[in-house]
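> Questions regarding the structure given below will be posed in turn.
Only the coordinates and a few stated rules stand behind these numbers; no lab work does. It should be emphasised that the depicted structure is a prediction, and the values quoted were computed from it without experimental measurement. Positions of Cβ are backbone-derived with ideal geometry, glycine not excepted, and every protein chain shown enters the neighbour counts.
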Amino acid sequence: MAETKYGDLVRTLKYIEGRGGANAKQMTFMTGEQMQGFELNFVIGVYDEPGDWAPDMGAHIHPFDECLIFFGYDDKDMSILGADMSLAVGKEYEVHKFNTPLVAAAPANLPHCPLITEKPYRPFGHFHLALSGTYAGSGVPKEGTTDGNKYSYLFHPFQVEKGLGGANAVQRVAAEGKDLAGIAVNFSIGLHNQTGDWYPGKGSQIHAYDEVMVFIGHKTEDLSYLGAEITVAIGEEKEKHTFDVPTAVVLPKGTPHLPITCNKLERPYSVVQVGLSPKYDVAWV
């Protein structure tokens, strides 16, 4: 697609073997350099084993804001995570336990981890979303104690909502900066299970901020499978790009996009939409 005007904005996700153990079985990683210089890097993976994701490493910090998103790969119900988890936050290593999908906000220089899968029931997903073009981190020793709730405000369990339906999301979750300790990002995750146009009869959208739309499949034994064929139109020219593998569509602010059409469907798929702004907004053109 490089010879087309917008081809470089449509990036196939390359999945590789993960570290294994409790850490990712399969994963993909994208940096800002791969996303038009955005101040963003992300990891998506699948996990299915118990244990500490980084044994004996303790907590670490980053010089950038980060969101730790935990989600399920169920074809019908986004409220299912599929594991009992614990995540320590703060220099005190305050432990928080959860077993449903959620996002944990980690503002810059806030210690977090160990991250432990206490009991997996089925393969589940993690989306590491960091507001920096490159990844960096360093360890932090444990210091002090808390009452167990000092950092509770950082954990935002997902409220699964009914989507627009049709080819658009049948279920969705969303969060903005106000839900994420003020971090300047908004995101949504949608579950899609039908063919057709997402917004029949509508035109293109634009945002006043950079955005990435990440299309992922649910085949946890092979995350390189999307399960659908998608066409997205980009630019005022509505240049069409079609793909049938997991893909990130990178949209610099002000770039018209849509219609989006699901041409073929073998299995439900999910779409994560990340906007580099604390509040979601959209204009139709």
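> Amide H neighbours of residue 102 under 5 Å, counting only residues 5+ apart in sequence or on other chains, H built in-plane at 1.01 Å?
For residue 102, the qualifying residues are 70, 158.
> Rounded, prolate or oblate: which fits region 214-285 when a ≥ b ≥ c are the square roots of the eigenvalues of the alpha-carbon gyration tensor, with rounded for a/c under 1.5 and prolate only if a/b beats b/c? Walk me through the numbers on the way to the answer.
Working: a/c = 2.54, a/b = 1.52, b/c = 1.67.
Cα axes put region 214-285 in the oblate bin.
> Whole-Hz ³J(HN,Hα) for each residue in region 87-97, computed from phi via Karplus 6.51 cos²θ - 1.76 cosθ + 1.60 with θ = phi - 60°, x for glycine and proline: what do you get?
9, 8, 9, x, 5, 7, 6, 5, 8, 10, 10
> Residue by residue through region 136-151, what is 3J(HN,Hα) from phi via Karplus (6.51 cos²θ - 1.76 cosθ + 1.60, θ = phi - 60°)? Round to whole Hz and write x for glycine and proline.
7, x, 8, x, 9, x, 6, 8, x, 9, 9, 7, x, 10, 4, 10
> If you don't mind, there's one more thing I want to ask. Within straight cross-link reach of residue 202, meaning Cα distance under 19 Å, which aspartates and glutamates are found once same-chain residues fewer than 8 apart are removed?
Within the straight-line limit of under 19 Å, residue 202 reaches these aspartates and glutamates: 236, 237, 239, 281.
> Separate question: Using modelled backbone amide H atoms (1.01 Å from N, in-plane), which distant-in-sequence or interchain residues come within less than 5 Å of residue 207's amide H?
Correct list: 254, 255.
> Does region 27-69 come out rounded, prolate or oblate by the C-alpha gyration tensor, with a ≥ b ≥ c the root eigenvalues, rounded set by a/c under 1.5 and, if not, prolate when a/b is larger than b/c and oblate if not? All intermediate terms of the calculation are to be shown ahead of the outcome.
Values: a/c = 3.01, a/b = 1.58, b/c = 1.91.
Taking the square roots of the gyration eigenvalues as a ≥ b ≥ c, region 27-69 is oblate.
> Taking square-rooted eigenvalues a ≥ b ≥ c of the alpha carbon gyration tensor, is region 11-137 rounded, prolate or oblate, where a/c under 1.5 means rounded and, failing that, a/b exceeding b/c means prolate?
Working: a/c = 1.63, a/b = 1.12, b/c = 1.46.
Taking the square roots of the gyration eigenvalues as a ≥ b ≥ c, region 11-137 is oblate.
> For q values of 0.23 Å⁻¹, compute log₁₀ I(q)/I(0) with the Debye formula on a Cα-only model of region 59-130, without solvent.
After summing over all Cα pairs, the log10 values are -1.00.
> What ranking do 100, 247, 134 get, fewest neighbouring Cβ atoms within 10 angstrom at the top?
On the way: 100 17, 247 20, 134 11.
Starting with the residue having the fewest Cβ neighbours, the order is 134, 100, 247.
> Shifting gears a bit: Enumerate the amide H contacts of residue 59 below 5 Å, restricted to partners 5 or more residues apart or on another chain; note that Pro and chain-start residues carry no placed amide H.
Counting only residues 5 or more places away or on other chains, the set is 140.
> May I ask you to work out the translational diffusion coefficient for region 94-149 at 10 °C, viscosity 1.306 mPa s, via Stokes-Einstein with Rh from the Kirkwood sum over Cα pairs, reported in whole µm²/s?
Details: Rh = 14.1 Å.
My calculation gives 112 µm²/s for D.
> What is the Cα radius of gyration of the chain over 2.2 N^0.38 Å, N being its residue count?
On the way: Rg = 18.5 Å, N = 285, 2.2 N^0.38 = 18.8 Å.
Its radius of gyration relative to the 2.2 N^0.38 Å reference: 0.98.
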